[in-house]
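Remarks on the structure that follows.
The values are calculated or read from the model by the stated rules, or taken from the named source; none is laboratory data. These figures come from a predicted structure and were not determined experimentally. Because the Cβ atoms are built from the backbone with ideal geometry, glycine has one as well, and the counts that use them run over all protein chains shown.
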Amino acid sequence: MAYKIALYPGDGVGPEVVAEARKILDALGLPLEYRALDWNTTLYAKTGACAPADYLEQMRPFDAILLGALGDAKNAPDHVSIEPLLGMRKGFDQYVNIRPALLYEGVDCPIRNVKPYDIDMVVIRENTEGEYTTMGGRHYAGTPHEAAMQVSYFTRMGTERILRYAFETARTRKRKHVTSITKSNALKYAMVFWDGLTEEVAKDYPDVSLSHMLVDAAAMNFVRTPQSFDVVVASNLFGDILTDIAAIVIGGMGFAGSANINPTREFPSMFEPVHGSAPDIAGSGKANPIAAVLSAAMMMEFLGEPGAAGKIRKAVQLHLAEGKVRTPDRGGKNTTSEVGDDIRGKLEKA
């Protein structure tokens, strides 16, 4: 039985990096059926939206979605272009966002005295509630009394399930440690609530150690001592910001793959590089496809093909360690496609 994969290239460099990820997937010899979704910001001028009104229904039958990137301010406002992304996360209850940060051999780290694989953390981000909601509004627009309100909310169910996912993830790792990130000294309702639930959940995982950290301290320590982190769990906003820092300390956004998971599998899960659409280099062949390739590896692992996922990661590891084929962000002159070809060539050795 074939796995049904929706390819959603999107905008900017999205089509280029998705093409390379598919190149690697096709080389695995697995039964994969694709459907390409030609939705992007160019639709906005024609329809007032960047995806069809029934886009969730069209994607519902798939096993997984491989997304490139969304957004091009020349075509549509950013808050409009990102609506399909947020819609998938919430509509498909993809409440777990997973963003690993691993420093590979052959990648320059901006931090002194850090060796390959010293940095090896996984950030588990709550993905459907918290600060990224549509609750709120603007009032008295255009007057001196104009006001904007954006409401964040945290439910017991939503908070507890992401905490449990983080503790379960920690159980599978060597250090078995969870760091919970909040700002409970200033946000005395939502974040104190989060802290309390964390302590409750931790009682069910006596084999996992726990520490709490304020988000400003976490931002500092992600730069100062990133190797001290194992599993990090955070709210939607805090997790979003911290994972960009995590990507930079392992070499850049070109290495930042991610997964948006619906653990029940009632709906499809979605996998995407974190780097964004980078419309300024779109079509130039300069984009680093490794984040998309690593996202594809996460997709295969989720689909129940850990061997295939391991082969992709090993091929990336070999490619980076050799260091002969590099895109400009890594100081090289090779193209997106040439990097994809080199990784595909490494699959046999993997």
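Could you list all residues from region 168-212 that are farther than 22 Å from MET157 by Cα, not hydroxyl-bearing (Ser, Thr, Tyr) and not in a loop (DSSP other than H, G, I, E, B)?
HIS177
Out of curiosity, is VAL114 surrounded by fewer than 18 Cβ atoms within 10 Å (Cβ to Cβ), outside the structural domain of VAL233 (by TED's automatic domain parsing) and over 15 Å from the mean Cα position of the chain (by Cα)? Here the answer is yes, as VAL114 does meet what is asked. Can we say ILE82 is under 29 Å from ASN288 (Cβ atoms) and either in contact with a helix residue (DSSP H, G or I) (Cβ under 7 Å, 6 or more places away or on another chain) or hydroxyl-bearing (Ser, Thr, Tyr) (or both)? Considered against the rule, which asks whether it is under 29 Å from ASN288 (Cβ atoms) and either in contact with a helix residue (DSSP H, G or I) (Cβ under 7 Å, 6 or more places away or on another chain) or hydroxyl-bearing (Ser, Thr, Tyr) (or both), ILE82 comes out as no. Does at least one position in region 126-134 carry a residue that is closer than 20 Å to HIS275 by Cβ and in contact (Cβ under 8 Å) with a residue 12 or more places away in the chain? Yes, the conditions are met somewhere in region 126-134. Inspection of region 250-261 identifies no residue that is part of a loop (DSSP other than H, G, I, E, B), of a type in the set (S, T, N, Q), crowded, with 17+ Cβ neighbours inside 10 Å and at negative phi.
For (1) small (Gly, Ala, Ser); (2) in contact with a strand residue (DSSP E or B) (Cβ under 6 Å, 6 or more places away or on another chain); (3) in a loop (DSSP other than H, G, I, E, B); (4) at pLDDT below 95, each residue gets a yes or a no:
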position: ILE5; (1), (2), (3), (4): no, yes, no, no
position: PRO15; (1), (2), (3), (4): no, yes, no, no
position: ALA21; (1), (2), (3), (4): yes, no, no, no
position: ILE24; (1), (2), (3), (4): no, no, no, no
position: GLY29; (1), (2), (3), (4): yes, no, yes, yes
position: ALA45; (1), (2), (3), (4): yes, no, no, yes
position: GLU57; (1), (2), (3), (4): no, no, no, no
position: ALA73; (1), (2), (3), (4): yes, no, yes, yes
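Evaluated against (1) buried (at least 18 other Cβ atoms within 10 Å of the Cβ); (2) under 21 Å from the mean Cα position of the chain (by Cα); (3) closer than 20 Å to TYR132 by Cα, ALA219 falls short on exactly one condition, (1). For ARG156, the criteria (1) surrounded by 12 or more Cβ atoms within 10 Å (Cβ to Cβ); (2) in contact with a Leu (Cβ under 8 Å, 6 or more places away or on another chain); (3) in the same structural domain as LEU242 (by TED's automatic domain parsing) hold in every case but one, which is (1).
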